[in-house]
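A short worksheet on the structure shown next.
Each reported figure results from applying straightforward, stated rules to the coordinates on display, with no laboratory input. Every value quoted in this text rests on a predicted model; they were computed, and no experiment measured them. As a convention, Cβ positions derive from the backbone with ideal geometry for all residues, glycine included, and neighbour counts pool all protein chains shown.
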Amino acid sequence: MQPQAKAIQANSPENRQGWMHLFWLGALAVMFVLAQSLIVQAKPESLAPLAEKISPSVVNITTSTTIEGRTGPQGIVPEGSPFEDFFREFQDRNNGGEGTRPRRSSALGSGFVISEDGYVVTNNHVIEGADEILIEFFAGGELPAKVIGTDPNTDIALLKVESDEPLPFVTFGDSDSARVGDWVIAMGNPLGQGFSVSAGIVSARNRALSGTYDDYIQTDAAINRGNSGGPLFNMDGEVVGVNTAILSPNGGSIGIGFSMASNVVTRVVDQLKEFGETRRGWLGVRIQDVTDEIAEAMGLESAAGALITDVPEGPAKEAGLLSGDVIVSFDGVDVEDTRALVRQVGNTEVGKAVRVVVNRDGSTKTVLVTLGRREEAEGAVPAAMENSDGDIQEKTVLGMTLGPLSDKLRGELNLPETQTGLVVLSVDETTEAFEKGLRAGDLITEAGQQKVTALSELDERIADARDAGRKSLLLLVRRGGDPRFVALSLDD
């Protein structure tokens, strides 16, 4: 009877349930092992094959610039001091007059070839002001390059080299398809080391720094000085970004790099190739974001859209748009804020008739506007104007339109006769200067901790800061007699 009892216990429901539990555990373990095996097979063991494939299209860029020699004893005695002539003669005797001679300055950057006939993309700041541009190829050899066109707004430049043989090149990918967490590779010439590869992931999308048309991919792939203008590749070997800037307290990579999205770059490159310049759409309105307070005051359902603050002469005025209108849709796309509207208008074809939907007096109205060209509108009021003596009277720099402090402006601002500096005439509302509180009527008295009284002096301070590898320029700003320091970022 005892064996029969054991058989009955083995076939009991409890034991059958236990065996089934063990069966499923075993099945899950097998499935897990198979899944891990598939993942290992799907993930490449090395990035070397991809790097070997795309490296020949990446180039090092060397630029040469002539810098005028300094003619005075800067930094030794104050300008106008009775000792100025003495120190100038002392410098000339010790330097053999070399202090006044022009000198050559070199800079390094990166780029990549986008066609077999020699078109090369890089950053504008890599080649800006260069007298000579030399392209070094991965396989060896160098070729001089000429500038086809530049776009300071997106910091993109298009170059061209002439080669007897077809050049290896890469194509652009769709940056909008890049997801946070996707693997990417940065290539370039960091710190002059030449043809270096770093890998990381897409850390964030749609980053904005300080430009009107910014659309940056943030990555933790190592980007250092010299990487500027180099490509950011996806795992298919397509360019999804142009490495442009880093965020760093010490000038080196800390894993926060920014690449201009390829979908922005391709539009710019196509226009530079066809026209040698950009041709962006222009609506012709001044706008500001709709805050919660404004939305409540205007009876709007949400704090979205772009509030028109002024309608000067231009396409918008001709079409009937009014100050106080809130643009809620442009060319069939909802408008989130002013930045989104500016980018969308700029990316729209010049001369295109678009439908603009506005909220006016509590109801919506659709207005058909034929876009103008932004560059022509900006050219109608030159960024730099000169008087009959050849002195620059106005200049747009760092997002501000500045002018020297004249007697008329001194009186309007109630400033003493001894006060010197540069007057802020206007501020672009889409720039960092506006975000940090700079406004028309402010007075800039120092730049780089040195006094500025002329626009040319500010240019020198900016150039000195860039030569020193600084990321920003410190300004001393006075408003109503109260001073404060403001740091504005410079191009990488």
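General observations
- Cβ-to-Cβ counts within 10 Å put Thr431, Thr66 in ascending order as Thr66, Thr431, the fewest first.
- 3J(HN,Hα) along the stretch 161-175: 10, 9, 10, 6, 10, x, 9, x, 9, 10, 10, 7, x, 8, 5 Hz, from the Karplus curve 6.51 cos²θ - 1.76 cosθ + 1.60 with θ = phi - 60°, whole Hz, x for Gly and Pro.
- The Cβ shell under 13 Å around Glu429 holds other residues with a net charge of -2, Lys and Arg each +1, Asp and Glu each -1.
- Tail fraction, Cα-Cα pairs, the stretch 282-376, threshold 22 Å, whole percent: 18
- Each of Tyr119, Tyr216 has some number of other Cβ atoms within 10 Å of its Cβ, and from fewest to most they run Tyr119, Tyr216.
- Taking amide H positions as modeled 1.01 Å from N, with prolines and chain starts lacking one, the residues under 5 Å from Gly241 and 5 or more places away or on another chain are Leu232, Ser262.
- As a rough footprinting exposure proxy, the listed residues Ser175, Ser228 were ranked by other beta carbons within 10 Å of their own, and the order from fewest upward is Ser175, Ser228.
- With 0.36 nm allotted per residue and the present C-alpha distance subtracted, the Arg360-Arg373 stretch has 2.1 nm of extension available.
- Using the Cβ-Cβ distance between Ala297 and Lys408 with R0 set to 35 Å, the FRET efficiency from 1/(1 + (r/R0)^6) comes to roughly 0.40.
- Our coupling estimate for the stretch 183-188, obtained by passing each phi through the Karplus curve with A = 6.51, B = -1.76, C = 1.60 and θ = phi - 60°, is 6, 9, 10, 9, 10, x Hz, Gly and Pro reported as x.
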